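The values are calculated or read from the model by the stated rules, or taken from the named source; none is laboratory data. Everything numeric here is computed off the predicted structure, so don't read it as measured data. Note: ideal-geometry Cβ built from the backbone for every residue, glycine included; neighbour counts use all protein chains shown.
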Amino acid sequence: MVRLEEILEKVVAYNPSADLDVIKKAYVFSGVVHQGQTRVSGEPYLNHPLEVANILTSLKMDAASIATGLLHDTVEDTHTTIEKIEEVFGAEVANLVDGLTKLSRMTFEKKEDQEAENFRKMILAMGRDIRVILIKLCDRLHNMRTLGALDPAKQKKIARETLDIYAPLANRLGIGWMKFELEDLAFMYLEPEKYAWLKDRLAKERLQRESYLEEVKGIIEEKLKEHGVSGEVTGRFKQIYSIYKKMSDQDVDLENIHDIIAFRVVVKEIKDCYEVLGLVHSIWKPVPGRFKDYIAIPKLNLYQSLHTTVVGPYGIRMEVQIRTDEMHRIAEYGIAAHWKYKEGVAHGGKDDKSFAWLRQLLEWQKDLKDSDEFMESLKIDLFPEEVFVFTPKGAVKEFPVGATPVDFAFAIHTDIGNRCAGAKVNGRMVPLKYKLRNGDVVEITTAQSHHPSKDWLKFAVSSKAKARIRQWIKTEEREKSIDLGKEICEKEFLKHGVEYARILKAGDLEKICRDLGLKDIDSLLASIGYGKVSIHQILGKILPPEKLEQKQKFFFRKVLDKFKSKPVRNAVVVKGVEDVMVRFAKCCNPLPGDEIAGFITHGQGVAIHAMGCSNLMNIDSERKIDVEWDKKARTTRPAKIEVLCRNEKGLLAEMTNAIKAADANISSADIRTNQDNKAVCTFEVEVNDLQHLKSIMAGLQKIKKVIKVERLRGVTKDSEGAV
């Protein structure tokens, strides 16, 4: 357990004028309010805030931040109020504690909404004071270090959240060491067997690699000395998770990962960086395409360095990073290196370069009302891979990897994006889905008649572009739905001997709007066009019941006869509606047991999507309708399974027997082989529900020589349609 004295010593070492009294007072206050509380592990609760404060000293944070680290759980886990914190510690610490306090008492319709809302608040808190998120990251890091005390389900949930959000966020803020530790800890809990195997393999080869590190370090140091360059050379092994990710991404074994070792050379001046680069390349041959100049073009998190991969001694690939002392400080502390605090006064401001990406995210998130859209945009913005391109006038624009001319157009101006008709890259016409490359010169051509389309969402990658495209589509769809709703009203009213214009003039439609809780007549017409409000509901409020019943009898009988003989082919209940046509979306093929969402289609009933389906992003949230699986219904659904295995005799028979043993029927099978003696087998099977599918997959995974089993979304052309 860390002691308060150790924390104070560290603070004084980097900030001799720090207000130590506020830290001491926070320690005593936290000790009193947390007295008697213990963590799940059984240790005193005070250990946790002490450890968080200690991690904050690693970032060389100010006294107010260290005090907040000690107090960060007092409002959430004790009877202490923010008002009390402000009374004792002042407004600055109170605001930081308030920013850290979890708002878990709020209720949400679904888990995704709560998750999205929490992260939305986190991003907004960052906009007010970046220290809030730095303290939050330190809190998460200590929780990950002590995660072993929780049950496995909670471990996996917290580890997944850490890997998806917190580790990328640490990286985005430039705190590399924290990102690596969070990734390794999350990996250890998400894939314990793979983590243990890889850690053991690396440990067995550690002595040999340490000898290699010393040898290469000596060669570089000798070369620097020979040319009169002053610099510090260090070597390290890459982190376990980064090695695993490379193995997974490239589908190779550990023996085929060549750049496990990396070296860093820290020099005094920028000119020395390029000289050292030349010296390294004079010793060892560089690997083509593996040089990156982050000094000339820094990353968005302000990281600067030269990266090169060379073929070192014994033909082993190794990465060499070259940077100055100042660049190294920023690489270690990230955004914290730019935010130095006097007591109670923050230096730097909202115009600081380090806040460019944060200000953009704050701007774009205002347009994202849907939780899924917000989470998708947040995750895209947290990952720092960038492409740098130029405008025709030479201005540099930064985009995520995979960005297209559409992203470029919206980055210039929303009006340019909305009227984008084509693009030229380096003077040549390219399709709008062309992926921009570093150094491209991009020019956009516009036309008044051109507007965004849904297809653009398939290749646009930036948050701003996607938000603006969706905004245009929703506006356009609303206008079309209003026109359609008006047309339906005019047509149906006429059938019943009523003039639409007369009803409109009489104010009857405005009264119906109030009854249905709709804002105005346009909203009513749009709802009719979308299919959310039935024209019969409207007629029922205008015509006498007996007249409406007489007219509807004939139509009702006709419709009933049409569908009466059809068997029920789904197991879904549309809340509040009976006997509605339901179709399962081909794109995600939901199964009973999957979380689902329903959307009203134009003329094809309700489409059922699996929650999390990417196509949900493209559908207007106004068309959403509540659905759930009918637990009483018994039905089967097609599901696809892909199996990666060794290409060996008798293996196909084993797999089909495993599927048969799980009481499932195979509808179709497709077998493909590749050059490395592996086979990819795709089975479409009839299953009862998600649990049935999981049992089939578990049976297949037990077969020797089977490498991987996964569920494929999407079904055959004979399956039910989507939106």
Within the range 623-658, the residues that are of a type in the set (Val, Ile, Thr) and in contact with a Cys (Cβ under 9 Å, 6 or more places away or on another chain) are ILE641, VAL643
- Query: Is there a residue being in contact (Cβ under 8 Å) with a residue 24 or more places away in the chain and either among the polar types (S, T, N, Q) or closer than 21 Å to MET178 by Cα (or both) anywhere in the range 206-215?
  - Reply: no
Of the residues in the range 130-188, those that are buried (at least 23 other Cβ atoms within 10 Å of the Cβ) and not in a helix (DSSP H, G or I) come to LEU173, GLY174, ILE175
When every residue in the range 296-308 that is modelled with pLDDT of 90 or more and more than 28 Å from the chain's Cα centre (by Cα) is compared, the one farthest from ARG172 (Cα to Cα) is THR308
Of the candidates ALA63, ALA91, the one satisfying the condition of being buried (at least 16 other Cβ atoms within 10 Å of the Cβ) and small (Gly, Ala, Ser) is ALA63
Selection from the range 9-21 of residues touching a helix residue (DSSP H, G or I) at 6+ places or on another chain (Cβ under 7 Å) and either part of a loop (DSSP other than H, G, I, E, B) or modelled with pLDDT of 95 or more (or both) yields ALA18, ASP19
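Yes/no matrix, rows are residues, columns are (1) within 17 Å of PHE408 (Cβ to Cβ); (2) modelled with pLDDT under 85; (3) in a loop (DSSP other than H, G, I, E, B); (4) touching a Lys or Arg at 6+ places or on another chain (Cβ under 6 Å):
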site: VAL442; (1), (2), (3), (4): yes, no, no, no
site: THR445; (1), (2), (3), (4): yes, no, no, no
site: ALA460; (1), (2), (3), (4): yes, no, yes, yes
site: ALA465; (1), (2), (3), (4): yes, no, no, no
site: THR475; (1), (2), (3), (4): no, yes, no, no
site: ILE482; (1), (2), (3), (4): no, no, no, no
site: GLU492; (1), (2), (3), (4): no, yes, no, no
site: GLY497; (1), (2), (3), (4): no, yes, yes, no
site: LEU504; (1), (2), (3), (4): no, yes, no, no
Residue count, the range 299-325, condition in a loop (DSSP other than H, G, I, E, B) and within 20 Å of GLN208 (Cβ to Cβ), comes to 2
Of (1) within 30 Å of the chain's Cα centre (by Cα); (2) of a type outside the set (D, E, K, R); (3) closer than 21 Å to ASN171 by Cα, ALA196 fails just (3)
When every residue in the range 656-688 that is surrounded by 11 or more Cβ atoms within 10 Å (Cβ to Cβ) and of a type in the set (Lys, Arg) is compared, the one farthest from the chain's Cα centre (by Cα) is LYS660
When PHE399 is run through (1) in contact with a strand residue (DSSP E or B) (Cβ under 6 Å, 6 or more places away or on another chain); (2) surrounded by fewer than 17 Cβ atoms within 10 Å (Cβ to Cβ), the failure sits at (2)
Contact list, first residue from the range 633-660 and among the hydrophobic types (A, V, I, L, M, F, W, C), second anywhere and in a helix (DSSP H, G or I) and surrounded by fewer than 16 Cβ atoms within 10 Å (Cβ to Cβ), beta-carbon distance below 9 Å, six or more apart or interchain, is VAL643/GLN701
Among ALA526, ALA501, ALA467, the single one that is in contact (Cβ under 8 Å) with a residue 40 or more places away in the chain and more than 30 Å from ALA403 (Cα to Cα) is ALA526
